[in-house]
Amino acid sequence: MSKPVSICVIGSGYVGLVAAVCFAEIGHQVTCVDNDEEKVKVLGEGGVPIFERYLPELLAKHRGRGVVFTSDLSAAVEQSEAVFIAVGTPQGDTGAADLSYVEAVVSEIARSINAYKVIVEKSTVPVYTNEWIRRVLHRHGVKPQNFDVVSNPEFLREGTAIMDFLHPDRIVVGANSERAAEVLRRIYDPLTGGSYYDQPYALPGRCGTSVPAKLLVTSAQSAEIIKHASNAFLALKISFINAVANLAETVDADIVDIAAGMGMDSRIGPRFLRAGLGYGGSCFPKDVAAFHWVAQQQGVDFQLLQEVSKVNETQKEVFFNKVRAALWTLPGKRLAALGLAFKGGTDDIRDSPAIDVIKKLIEAGATVAAYDPAAMDRAREVLPASERMIYATNIYEAAQDADAVLILTDWREFAEIDLTRLNQVVRFPIVIDGRNLYKPQAMLDHGFTYVSVGRPPCYQAQEGKPRKLMV
Ligand code: UDX
């Protein structure tokens, strides 16, 4: 392994904490900074504040050795060669990313620069943020020879962030200085040179010594746009297949087969073509809005991005109407809601379509009994338990006496439900699936009326075909 680099990561959220432990895993010396002293204490004492596979193991392995936690930003910056900014860039009211946390951190960094440092944008930021960071450092009197600012966007998916970091499709570095680019090359050398994958403890994945990670070095602006454009394109793929799903339903076509047929074209690929309730999370909704805002600021008409968001919002209406069409009336109905997280494999409920749909159903007078393998506590914070919002301890308790079972998040646990047992506990055997987890024939065989997205509804003979309500 190449010589360790002393790295400071500012921000211990989804991106910063994963980056900190992974930099330690590939051999570097990391100081992870957060201004939330309680969080720093929890991390230093062994706490694992987010639900990420392999994170507990890597934190246990590197805590106090390859990675230390502190709230003392100045000391951390002074002792580091590279300073990664990984603080939140939440969506502001206009759709623009709120960069006030980034600016606050840059101002603090400026006061601590005692020698040449590479300041690295890890947070997802709009193009030209790099310019602004440089300007703020100048304004704080930092000598130009004492810093460079580079962009190193992350492409981590929640739930698989550690693997996405250690086995990336690509590492993007946006640097307008060769000196700074060289520092980033050294940092990622264990992955791009492949030496990490040779280690006996290396986490197995798609990269290896013979197929090491790829590094793309470009300008800062290009790197900043690569991040926004990648997320916007993935969101576009999802909204496209959802729009096709809504058309497919009108002619009794099957969107799962359509996506399979499309995905067999190597230019399209099968991934991110799963129709359903649409996308959520802390990235796609925010990044599509931020990218559209950037285009507007630059005087470029990028209406396509507004359509991506519009289709995504409509998809929740489409699902809500499926529930109404299957149940006729909603007041007094008891609905089992399986899933609260924005996707399976995470406890994150930020911009979760599941939460939005549940809120609408409760507003319409229904009672909802919800279960999620990981997101219950976080959901309770935004959707407190009440007479008509019940938190069940398992799938079958949620489904007890339900007028219908709704699938809102694509958890594997839900795809493997014991359908015989489910049919015994529900009041009526009706499943409305917002994530197309089941094969329609299996649902018919188990006596269910089954409504899903972009596929013909299946109904028990005596039920009759559910009517489709327009959005
Ligand atoms: C995304 C990007 O994938 C990642 O590269 C970026 O760094 C952060 O944003 P994440 O938001 O964690 O990652 O989740 P992802 O797996 O991309 O799913 C996003 C949303 O799209 C989820 O709500 C998921 O349910 C939905 N989705 C995904 C679909 O509806 N259909 C699909 O085919 C794929």
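The values are calculated or read from the model by the stated rules, or taken from the named source; none is laboratory data. Remember, predicted model here, so these are calculated numbers, not experimental data. All Cβ positions, even for glycine, are placed from backbone atoms using ideal geometry, and neighbour counts span all protein chains on display. Protein only, heavy atoms only, side chains kept; ligands, DNA and RNA dropped before computing areas. Shrake-Rupley method; radii C 1.70, N 1.55, O 1.52, S 1.80 Å.
Under 5 Å from the amide H of G194 lie the amide H atoms of A213, each residue being 5 or more positions distant or on a separate chain, with H modelled from the backbone and absent for Pro and chain starts.
Each part gets one Cα centre, and for region 1-80 versus region 297-375 those centres are 35 Å apart.
Using the average count of surrounding beta-carbon atoms within 10 Å as a protection proxy, the listed peptides 133-144, 228-239, 449-460 rank, highest first, as 449-460, 228-239, 133-144. Only helices enter this figure: runs of n ≥ 4 DSSP H residues, each worth -39500 (n - 2.57), summed and divided by the residues of the chain, yield -12500 deg cm²/dmol at 222 nm to the nearest 500. Averaged over its residues, the chain has an accessible area of 43 Å² per residue, based on protein heavy atoms and a 1.4 Å probe. Spin-label model, N114/I50: points 7 Å from Cα along the beta carbon direction are separated by 3.0 nm. The 3J(HN,Hα) values that the Karplus relation (6.51, -1.76, 1.60; θ = phi - 60°) gives for region 195-201 are, in residue order, 5, 4, 5, 7, 5, x, 8 Hz. Gly and Pro appear as x.
The trypsin sites (Lys or Arg not before Pro) of region 291-362 include none that meets both conditions, a loop assignment by DSSP and at most 16 other Cβ atoms within 10 Å of the site Cβ.
Between E416 and S71, full extension at 0.36 nm per residue minus the direct alpha carbon distance yields a gain of 119.8 nm.
Dividing the mean sequence gap of close Cα pairs (under 8 Å, 6+ apart) by how many residues the chain holds gives a relative contact order of 11 percent.
From the protein chains alone at 1.4 Å, what is the descending order of accessible area for W328, W293, W132, W411, largest first? Each step should come with its number before you reach the end.
Numbers: W328 220, W293 70, W132 130, W411 30 Å².
Accessible-area ranking of W328, W293, W132, W411, largest first: W328, W132, W293, W411.
Label separation (K359 vs L216): 3.5 nm, computed from points 7 Å beyond Cα along the C-beta direction.
Give me the percent of the accessible area of the chain that comes from carbon and sulfur atoms, probe 1.4 Å, all protein chains in place.
Answer for the chain: carbon and sulfur cover 53 percent of the accessible area.
In region 298-399, which GluC sites (Glu not before Pro) fall in coil by DSSP and have 13 or fewer other Cβ atoms within 10 Å? Here the sparse-neighbourhood loop sites are E387.
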